[in-house]
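Beneath this line is the structure, given in structure tokens, with notes to follow.
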Amino acid sequence: MDKWRNMLRAQYNWLLADRFDWWERNRCDVNSCPLICHLPELRNNPEFYSQKRNLVPLKGSRPWYKSIHSQVLQDCVNRVKLAFDRFIKGDSNGNRSGRPRFKSKNRYRSFTYTQISNEDVQENRINLSKIGWVKVILHRPLPDGFKTKTAVITLKPDGWYVTLTLEDVSVPESVSNVEPTEENSIGIDMGLEKFLADSAQGFEPMPQHFRQSEKKLAKLQQKVSTRKKGSRARKLLNRQIAKLHQKVARQRRQFHFETATKVLNKADVVFVEDSYDQNMSRRAKPKQDKLGSFLPNGQSAKAGLNKSIADAGWSQFIRYSLSRLKGLDRKLSELTPKELASIAPPA
């Protein structure tokens, strides 16, 4: 699996470089030119289907790519397409992402089987094409009546994980709306001294998981800086740092689920203000005097505030913990109490 990951990363970078090469050579912001001028030779746009067709000659020139399942290779092409489309066109709201980055060894961490059946998952094993049967630890049995669609294999600091996507056509896509009233509604406000305060005069303390691990993380990072680059000692320390970050992320996520369960047990409808974490944690604008000299703008003090905002994870709590199973675009007031209670996992 690690060998596949490295080969897919190389293919991803090559496909992305091919798109950047076409973008730089064929785009032109000038709408007019002299009658006599040199025009570079244009070539066809390397879009999704053309790059997908190039996988056949790729296996001829590089036979080691034959060991990778065809659907896994095709998904690599699709990832390049999605990354480049978000950069050029933007999403449905017109918001464009930044320039896609080439993936280093530690940044390309997963590959996807776009088709997998229920027969491939049996007891504590899963059948991955061209890899074989692999032992897994299922955190819950697959429910009856659901059809297994895809499997994403991800490398994390503490090992490999598989994420299965299930489908059941009998499950409705939407539910009836709940009419909010003063009796069945509750409002919450996010903060930093207290994680949240609700309209029922309830408060939830701020655990500050990152702050609790900050000293230990600083010591590990200081040790890493003294180790030789590429050495085994440096790799082991980096692995400890990654596991510590993973622990903090899991603590924060579990706290969000537990808090969401408490909030959803109090009311049928939950109201929360729109949070703008990115705007609140932006770098302070520079200040200049009449002579052009820069003045203190309080950025050093704001850096600590930004760290606390990121440690709280407001957006993750609202958009993921409270509306995990029902989509991120729906309003919380549209969810029934039964839906809301099913979002948080059991303790």
| query | PHE271: in a helix (DSSP H, G or I) and either of a type in the set (Phe, Trp, Tyr) or assigned by TED's automatic domain parsing to the domain that holds GLY159 (or both), yes or no? | reply | no
| message | Looking at region 176-211 only, could you name the residues that are over 18 Å from ALA260 (Cβ atoms) and either assigned to a loop (DSSP other than H, G, I, E, B) or without any contact (Cβ under 8 Å) to a residue 12 or more places away in the chain (or both)? | response | SER176, ASN177, GLU179, PRO180, THR181, GLU182, GLU183, LEU192, GLU193, GLN201, GLN208
| query | For ASN279, which of the numbered conditions (1) modelled with pLDDT of 90 or more; (2) among the polar types (S, T, N, Q); (3) exposed (fewer than 14 other Cβ atoms within 10 Å of the Cβ); (4) within 22 Å of the chain's Cα centre (by Cα) fails to hold? | reply | (1)
| query | Does region 300-315 include one or more residues that are without any contact (Cβ under 8 Å) to a residue 24 or more places away in the chain and in contact with a Lys or Arg (Cβ under 7 Å, 6 or more places away or on another chain)? | reply | no
| Any idea how many residues of region 135-158 are over 15 Å from SER117 (Cβ atoms) and in contact (Cβ under 8 Å) with a residue 12 or more places away in the chain? | 11
| If you go through region 245-271 one residue at a time, how many are aliphatic (A, V, I, L, M) and in contact with a helix residue (DSSP H, G or I) (Cβ under 6 Å, 6 or more places away or on another chain)? | 5
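How many of the residues making up region 303-317 are of a type in the set (Asp, Glu) and closer than 15 Å to ASP274 by Cβ? Even if it seems obvious, please write down each step before you answer.
Filtering region 303-317 down to residues of a type in the set (Asp, Glu) leaves 311.
If we keep only those that are closer than 15 Å to ASP274 by Cβ too, we end up with none.
Matching residues across region 303-317 total 0.
Do the conditions hold for ILE153, that is, is it outside any loop (DSSP other than H, G, I, E, B) and under 14 Å from HIS69 (Cβ atoms)? Even if it seems obvious, please write down each step before you answer.
On the way: outside any loop (DSSP other than H, G, I, E, B): yes; under 14 Å from HIS69 (Cβ atoms): yes.
Criteria met by ILE153.
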| message | Among (1) in contact (Cβ under 8 Å) with a residue 40 or more places away in the chain; (2) under 23 Å from MET1 (Cα atoms), there is one condition PRO100 misses while meeting the rest; what is its number? | response | (2)
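VAL263 - would you say it is touching a His at 6+ places or on another chain (Cβ under 7 Å) and modelled with pLDDT of 85 or more? Full working, then the answer.
On the way: touching a His at 6+ places or on another chain (Cβ under 7 Å): no; modelled with pLDDT of 85 or more: yes.
Here the answer is no, as VAL263 does not meet what is asked.
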| query | Yes or no: GLY159 loosely packed, with under 14 Cβ neighbours inside 10 Å and either among the basic types (Lys, Arg) or over 30 Å from LYS66 (Cβ atoms) (or both)? | reply | no
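Within region 68-140, considering only strands (runs of 3 or more DSSP E) that don't extend past its boundaries, which have at least 2 residues that are hydroxyl-bearing (Ser, Thr, Tyr)?
Details: elements: 110-113, 125-128, 132-135.
It comes to 110-113.
Of the residues LEU42, LEU55, only one is loosely packed, with under 10 Cβ neighbours inside 10 Å, hydrophobic (A, V, I, L, M, F, W, C) and touching a helix residue (DSSP H, G or I) at 6+ places or on another chain (Cβ under 6 Å); which? Lay out the reasoning, then the answer.
Details: LEU55 fails: loosely packed, with under 10 Cβ neighbours inside 10 Å.
Residue meeting the stated conditions: LEU42.
Of LYS215, LYS247, LYS262, LYS229, which residue is among the charged types (D, E, K, R) and either more than 24 Å from PHE195 (Cα to Cα) or in contact with a Cys (Cβ under 9 Å, 6 or more places away or on another chain) (or both)? Break it down into steps so the answer makes sense when it comes.
Values: LYS215 fails: either more than 24 Å from PHE195 (Cα to Cα) or in contact with a Cys (Cβ under 9 Å, 6 or more places away or on another chain) (or both); LYS247 fails: either more than 24 Å from PHE195 (Cα to Cα) or in contact with a Cys (Cβ under 9 Å, 6 or more places away or on another chain) (or both); LYS262 fails: either more than 24 Å from PHE195 (Cα to Cα) or in contact with a Cys (Cβ under 9 Å, 6 or more places away or on another chain) (or both).
Criteria check complete, one pass: LYS229.
The values are calculated or read from the model by the stated rules, or taken from the named source; none is laboratory data. A quick note: this is a predicted structure, and the numbers were derived from the prediction, not measured. Please note: Cβ atoms are built from the backbone with ideal geometry, for glycine as well, and neighbour counts cover all protein chains shown.
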